[in-house]
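For reference, the structure discussed in these notes is given below.
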Amino acid sequence: MANYKDDSSQPMREFLVYHDTIKGQSGATVDSYYLDLRTFTRWLYISRGLVPRDTSMEEIDITDAGLELYGSVTLAEVYDFLAYLSRDRELNAASRARMITTLKGFYKYFTVKTKALSTNPVETLDAPKLQKSLPRYLTLEESQRLLSAVDGKNKERDYCILCLFLNCGLRISEMRALDLADIREDCLLIHGKGSKERVVYLNDATTQAIDSWLAVRKNIASLDDAVFLSNRRRRMSVDAIQVMVHNTLLKAGLDATQYSPHKLRHTAATLMLQNGVDVRTLQEVLGHENLNTTQIYTHIANKELQNAAAANPLAEFKPREKTDD
């Protein structure tokens, strides 16, 4: 996470520390809040003429920005800021929507939580309409090809990681965070988003994959308790896991530009639904706080919808061929 304490304004630091320590949100989430608020504050300095207009955004010192600056912001200014993000920064709708979420949280904190501000300029602000797309996932045959493509000196480790992605639907951050103490007899203790823990049970394939990797790992001298170690005998980084997945996809003859560790999580969810797991159980497996997040998978894996189409009495109808009299 960026060192937001050094180059942030006091209100920014207060908001970020609240989400870091009280709300217990992940470092990545707090870091995204920091970057969004830093961009917004720097833009305010330029748009209000507090610094010369030709000043580089990266050179603007915002450490003296106080609540009086944020409290004087108008909705019209926020619209101008969003236009700047779209026009000059070329941010897509999803990125602008994330920025709005950050600003809404920031102003809600100071108007509702601390009551340090009396007005909220973004209270009625709507987020850009996002195009909804279905999750991309591997088919069962493609998943088997991926697992069969694993080779090399780290094959036991890499196979275990891929097996857990495809069978248990772990997030990449959860995979990286696994410690040896998190492995139980028939399950894993997962440290999920927002410091929430859940238990994920293991099937025969994942149990065998873990046993095979641990048989190799026990001979690797390391002071790190991580389950998955890099070639330097330290906890694997997120980047290292991503590179391994990318390279194995290429070996399997799959389009590595279309898939990622998160797409393997989508694959696990889809395969479970296709094979009879109900959506509420899947919600627990994936660690989704909101059922709506899980229900997107039902649009691509719901057999009942397919059966409904087949049950239509017109399903077998074929028009009679016309004959010439």
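Structural remarks
- The helices (runs of 4 or more DSSP H) found wholly in the range 130-216 and carrying at least 1 residues that are hydroxyl-bearing (Ser, Thr, Tyr), under 30 Å from residue 91 (Cα atoms) and under 25 Å from the mean Cα position of the chain (by Cα) occupy 172-177.
- Residue pairs meeting the criteria (Cβ under 9 Å; at least 6 apart or on separate chains; first touching a residue at least 60 places away in the same chain (Cβ under 8 Å) and open to solvent by 50 Å² or more (accessible area, probe 1.4 Å), in the range 151-166; second part of a helix (DSSP H, G or I) and among the β-branched types (Val, Ile, Thr)): 151/248; 156/216
- Flag for residue 29 being closer than 24 Å to residue 172 by Cα, out of contact with any strand residue (DSSP E or B) (no Cβ under 9 Å at 6 or more places or on another chain) and not aliphatic (A, V, I, L, M): yes
- Set 134, 188: member being modelled with pLDDT of 90 or more and either of a type in the set (A, V, I, L, M, F, W, C) or within 30 Å of residue 99 (Cβ to Cβ) (or both): 188
- Residue pairs whose Cβ atoms lie under 7 Å apart, separated by 6 or more positions or on different chains, with the first residue in the range 230-251 and touching a residue at least 24 places away in the same chain (Cβ under 8 Å) and closer than 18 Å to residue 142 by Cα and the second of a type in the set (D, E, K, R) and open to solvent by less than 50 Å² (accessible area, probe 1.4 Å), are 244/158; 248/158.
One line per residue, one yes/no per condition, for (1) open to solvent by 60 Å² or more (accessible area, probe 1.4 Å); (2) within 21 Å of the chain's Cα centre (by Cα); (3) within 18 Å of residue 180 (Cα to Cα):
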{"position": "229", "(1), (2), (3)": "no, no, yes"}
{"position": "232", "(1), (2), (3)": "yes, no, yes"}
{"position": "243", "(1), (2), (3)": "yes, yes, no"}
{"position": "246", "(1), (2), (3)": "yes, yes, no"}
{"position": "250", "(1), (2), (3)": "yes, no, no"}
{"position": "254", "(1), (2), (3)": "no, no, no"}
{"position": "260", "(1), (2), (3)": "no, yes, no"}
{"position": "263", "(1), (2), (3)": "no, yes, no"}
{"position": "266", "(1), (2), (3)": "no, yes, no"}
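- If you go through the range 215-227 and pick out every residue that is closer than 13 Å to residue 178 by Cα and not charged (D, E, K, R), you end up with 2.
- Residues that are free of Cβ contacts under 8 Å to residues at least 24 places away in the same chain, within 14 Å of residue 160 (Cβ to Cβ) and of a type in the set (D, E, K, R) were ranked within the range 208-227; the one that is surrounded by the fewest Cβ atoms within 10 Å (Cβ to Cβ) is 218.
- For residue 200, the stated conditions do not hold, so it cannot be described as aliphatic (A, V, I, L, M), closer than 25 Å to residue 27 by Cβ, modelled with pLDDT of 95 or more and surrounded by 19 or more Cβ atoms within 10 Å (Cβ to Cβ).
- Selection status of residue 35, under 15 Å from residue 103 (Cβ atoms), modelled with pLDDT of 90 or more and open to solvent by 50 Å² or more (accessible area, probe 1.4 Å): yes
The values are calculated or read from the model by the stated rules, or taken from the named source; none is laboratory data. Quantities reported herein were computed from a predicted structural model and do not represent experimental measurements. We place every Cβ from the backbone using ideal geometry, glycine too, and count neighbours over all the protein chains shown. Heavy atoms of the whole protein, side chains included, go into the accessibility calculation; ligands, DNA and RNA do not. Shrake-Rupley method; radii C 1.70, N 1.55, O 1.52, S 1.80 Å.
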